[in-house]
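Nothing in this text is a laboratory measurement; each read-out follows from the coordinates by a stated rule. Since the model is a prediction, treat every value here as computed from it, not as a measurement. All Cβ positions, glycine included, derive from the backbone under ideal geometry; neighbour counts span all protein chains shown.
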Amino acid sequence: MLLTAVSAWRGLVVVVGLSLAAEGLYYVISHLKRLRERRPAQVLFFPAPVTCVRPLLLSSPGHCRCGLSHRESALSCLTRLLISARRSLDVCVFTISSLELSSTVLAVHGRGVRVRVITDSDYMALAGSQVGTFRRAGIEVRHDQDTNYMHHKFALIDGLTLVTGSLNWSAQGIFGNKENVIIIENTDIVKAFVEEFGQLWNEYDPAKYSFSPQR
């Protein structure tokens, strides 16, 4: 009888302990979520000065003697953010021809991070497009299948950080045009873009292609 009572009390203690642990974990997760949602968005404005971002892509600190400026710029901020991806980098951008940003995507892929790219079928076929370089490196690229443009310009880092704005990933966009990029970590907004990327990724399944530009 005594052993039965002790066992029952032990079981109750375990249940209560697990309940409190779950409640504590929920509190911690909720608190971290609120902190992320309160984190202010960051805004980058372009054009950026011509600077070298190559040292940011190296696996270990290094120096570059190219002669270009290495000072902080909107481009270096964007590069540093993209290269920070640890689990995934999803890119959904109308035009991708910038050597600086394409090198960043390739560097992320080279570390074993999952990289997926969605772009526009018309512009991926133009001279200077980096889509062919991505594909030769083993990065899967998908594109739209109609006469309208796939005109999005956003990227998702680890499914937690959204990079979006008016910027096309081109030399003209980075160094010439008046453009903007906003960096957001609000969970509701990020979730909406994660869902949009997933929907487009499925919609642009190569098994459904009626045409595929050669790039």
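The table for this structure:
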{"read-out": "Reciprocal mean inverse distance between Cα atoms of region 41-208 - Kirkwood radius, Å", "value": "16.2 Å"}
{"read-out": "Where a label projected 7 Å from the Cα of residue 208 along Cα→Cβ would reach, residues of region 132-157 with amide N under 12 Å", "value": "143-146"}
{"read-out": "Partners for residue 191 among aspartates and glutamates (Cα-Cα distance below 19 Å; same-chain residues under 8 apart left out)", "value": "37, 90, 158, 203"}
{"read-out": "Pairwise centroid distance, computed over Cα atoms, of region 123-173 with region 56-122, Å", "value": "12 Å"}
